[in-house]
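Working notes for the structure below.
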């Protein structure tokens, strides 16, 4: 069985629920299947030339006149861990497809049927399975009722320009007297859901961005959340409209003059992974951290945190799980490229890589896995050979 299948079977057993027995996350599967694709070989990728719908998807939804132009508009990869992943032309991955849907397919009048099917199915799935409502109103209409109180009845029934929509967005937040939350969300119980954000009238940039997605969706304007490292320790999230316009309600990024190409997409599925990760760390809950990996399986923060919670609990008892998570991460990420990338948060990412490899070094040693140990040892020597902590571990477990 391929490694993707192994890790998802692990997650399946971990959650004790058969709804996760698929290579894509459940919400992504709704989008991907309604766009005419199916991962027939179970490798978590839509492959060209395998009868999985790749060619049909490109032809129907791609931007441009020729097939090549259409393909190139879709196969742009996605940004995570400081680098761009999978900008290959022969395959489509989960985030690549999800990003494209929210930016170019959703609300397009040509694709009304697909949009309605996807939106209705996602809403039904979220409500039925108690998925955190981070970008969705509750069934009582908590968010809609409060925004309507500020903007008036029928605010979302009008056709408005982008400029007017942004003014309405600002007016809504000001009218609800939303304040910024301070402090580390890991130490403050994690992020609020969207209804909680409205009721408590306070939020981090993450929560404001999710509200922005909901708000512009009500006006049928395509938007998506984007992230940028303002400094090595400050990550900021805002809403980006399809036109490329950034909407930063608190204006936290203004003084940093972040270049446009330094803002990178964090779609709804990734945002759900972020929500679970922060909650999982806040409450030391490995179930929540497992969900974080399920919804954003490439994020080094998600996998590293889950590995760490098992490692700190008992590296002997959980050795197989730690090794499975490491081998999944190692086989699906270009770790050499990650540690050589230069960006504002590269030092943080490199530290995360280092810790993941140290935990793996110890676990391979405990299980007498010489081959795995030597692979990790070689990597640590190559990239962190001068690091005193690494040198000590290499000496201790030689």
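The values are calculated or read from the model by the stated rules, or taken from the named source; none is laboratory data. Model, not experiment: these values are computed from the prediction. For neighbour counting, all protein chains shown are included, and Cβ atoms are generated from backbone atoms with ideal geometry for every residue, glycine included.
Any residue in the range 36-51 that is crowded, with 16+ Cβ neighbours inside 10 Å, modelled with pLDDT of 90 or more and part of a helix (DSSP H, G or I)? No. Looking across the range 57-76, the residues that are crowded, with 16+ Cβ neighbours inside 10 Å and either within 15 Å of the chain's Cα centre (by Cα) or more than 28 Å from residue 274 (Cα to Cα) (or both) come down to 57, 58, 61, 62, 70, 71, 72. Please go through the range 255-267 and pick out each residue that is assigned to a loop (DSSP other than H, G, I, E, B) and crowded, with 16+ Cβ neighbours inside 10 Å. The answer is 258, 263, 266, 267.
Checked against (1) in contact (Cβ under 8 Å) with a residue 40 or more places away in the chain; (2) in a loop (DSSP other than H, G, I, E, B), residue 270 passes all but a single condition, namely (2). Scanning for something in the same structural domain as residue 193 (by TED's automatic domain parsing), part of a helix (DSSP H, G or I) and closer than 25 Å to residue 178 by Cα, does the range 239-252 turn up at least one residue? Among the residues of the range 239-252, not one is in the same structural domain as residue 193 (by TED's automatic domain parsing), part of a helix (DSSP H, G or I) and closer than 25 Å to residue 178 by Cα, which makes the answer no.
Of all the listed residues (229, 252, 243), the sole one being farther than 28 Å from residue 157 by Cα, touching a helix residue (DSSP H, G or I) at 6+ places or on another chain (Cβ under 8 Å) and surrounded by fewer than 20 Cβ atoms within 10 Å (Cβ to Cβ) is 252. Exactly one residue out of 276, 310, 298 is touching a helix residue (DSSP H, G or I) at 6+ places or on another chain (Cβ under 6 Å), touching a residue at least 12 places away in the same chain (Cβ under 8 Å) and farther than 24 Å from residue 183 by Cα: that is 310. The listed residues are 180, 154, and the only one of them that is on the phi > 0 side of the Ramachandran plot and either touching a strand residue (DSSP E or B) at 6+ places or on another chain (Cβ under 9 Å) or exposed (fewer than 12 other Cβ atoms within 10 Å of the Cβ) (or both) turns out to be 154. Screening 147, 166, 143 for residues that are more than 24 Å from residue 272 (Cβ to Cβ) and in contact (Cβ under 8 Å) with a residue 60 or more places away in the chain leaves exactly one candidate, 166. Counting only strands (runs of 3 or more DSSP E) that fall entirely inside the range 61-139 and contain at least 1 residues that are without any contact (Cβ under 8 Å) to a residue 24 or more places away in the chain and farther than 26 Å from residue 216 by Cα, the qualifying elements are 83-85.
Would you pick out the residues in the range 353-395 that are more than 17 Å from residue 327 (Cβ to Cβ) and buried (at least 17 other Cβ atoms within 10 Å of the Cβ)?
354, 383, 384, 390, 393, 394
Just so you know, in the range 196-213 the residues that are surrounded by fewer than 19 Cβ atoms within 10 Å (Cβ to Cβ) and under 24 Å from the mean Cα position of the chain (by Cα) include one that is farthest from residue 138 (Cα to Cα), and it is 202.
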